Amino acid sequence: MLKNRLERYAQLAAENEELRAQNERLKAMLDYRKQDDDYVLKLARVVARDPDRWMNNVLVINLGERDGIRPNMPVITPGGVIGKVVQVSRSSANVQLITDVEGGSRVSAVVQGPSRAVGVIDGYDAQQGMLILSKVPLDEKIEPGQRVVTSGFGEIFPPGLLIGTIESVQTGEYGLSL
């Protein structure tokens, strides 16, 4: 009987940890919704990762046409932009992640700061798990810690959505790579 209770305790501890993590994610999403009244935000859940396109960084979410989801809508988390809707069915949608640069995912971005340097997220370093911002003019003063947001250029991502923060600055082939 004691052994059964110990096993049940382990199961409850695991469930508790999952609920705690879910609660933190929901609180962060709620805080994000309160901050961003300019957009109609819909909460979605990742329900699958397309096995045929695993390497192409495509997720399947539980919202679709019946929920007002359309191709090219931006997809965000409280941590920032993660991708765009590329295909929609009645009850689900495929999301191409911004890490899918081989699949053509590129995002025009602005580095927040005095100069508001403009560049393009057009690379992903899988080993470090970092996006690469390039095509930033060499004379721009960019420093680690500065935030990177969508520029609003193009027709998919509205301006001001958080993408991430600058981790390091290196000179690349066509200008700065961050």
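The values are calculated or read from the model by the stated rules, or taken from the named source; none is laboratory data. Just so it is clear, the structure is predicted and the values come from calculations on it, not from any experiment. Neighbour counts are summed over all protein chains in view; Cβ atoms, including those assigned to glycine, are modelled from backbone coordinates with ideal geometry. With ligands, DNA and RNA removed, areas are computed over all heavy atoms of the protein, side chains included. Shrake-Rupley method; radii C 1.70, N 1.55, O 1.52, S 1.80 Å.
What longest range of the chain stays clear of loop-exposed chymotrypsin sites (Phe, Trp or Tyr not before Pro) (DSSP non-H/G/I/E/B, at most 14 other C-beta within 10 angstrom)? It runs 40-152. Heavy-atom accessible surface of Ile76, to the nearest 10 Å², is about 50 Å², with a 1.4 Å probe and all protein chains retained. Rolling a 1.4 Å probe over the protein heavy atoms leaves Thr99 with an accessible area of roughly 30 Å². Extension gain, Arg90-Asn4: 0.36 nm per intervening residue step, less the Cα-Cα distance, totals 26.5 nm. For Asp122, the accessible area of its heavy atoms, probed at 1.4 Å with every protein chain present, is near 40 square angstrom. The angle between the Cα long axis of helix 2-35 and the main principal axis of the chain comes to about 40°, on a 0 to 90 degree scale.
In the chain, helices alone account for a calculated mean residue ellipticity at 222 nm of -7000 deg cm²/dmol, with every DSSP H run of four or more residues adding -39,500 (n - 2.57).
For the chain, carbon and sulfur atoms together expose 50% of the accessible surface, with a 1.4 angstrom probe and every protein chain in place. The relative contact order of the range 65-178, computed from alpha carbon pairs under 8 Å that lie at least 6 residues apart in sequence, is 21 percent. Placing +1 on each Lys and Arg Cβ and -1 on each Asp and Glu Cβ, with no other charges, gives the chain a dipole about its Cα centre of roughly 680 debye. When the P(r) is computed for the range 94-178, the part past 22 Å accounts for 17% of the Cα-Cα pairs. Residues of the chain were split at every exposed loop site, defined as GluC sites (Glu not before Pro) in a DSSP loop with at most 14 other C-beta atoms within 10 angstrom, and the longest piece left, sites excluded, is 1-101.
Efficiency by 1/(1 + (r/R0)^6): what FRET value for Leu43 and Glu65, r their Cβ-Cβ distance, R0 = 22 Å, to the nearest 0.05? My answer for the efficiency is 0.85. Per residue, the chain exposes 67 Å² of solvent-accessible protein surface, assessed with a 1.4 angstrom probe and all protein chains in place.
Centre-to-centre, using Cα atoms only, the range 68-99 and the range 104-178 are separated by 20 Å.
Each of Lys84, Lys3, Lys42 has its accessible area taken with a 1.4 Å probe; listed largest first, they run Lys3, Lys42, Lys84. Partner lysines whose Cα lies under 27 Å from the Cα of Lys27, excluding those fewer than 8 positions away in the same chain, are identified as Lys42, Lys84.
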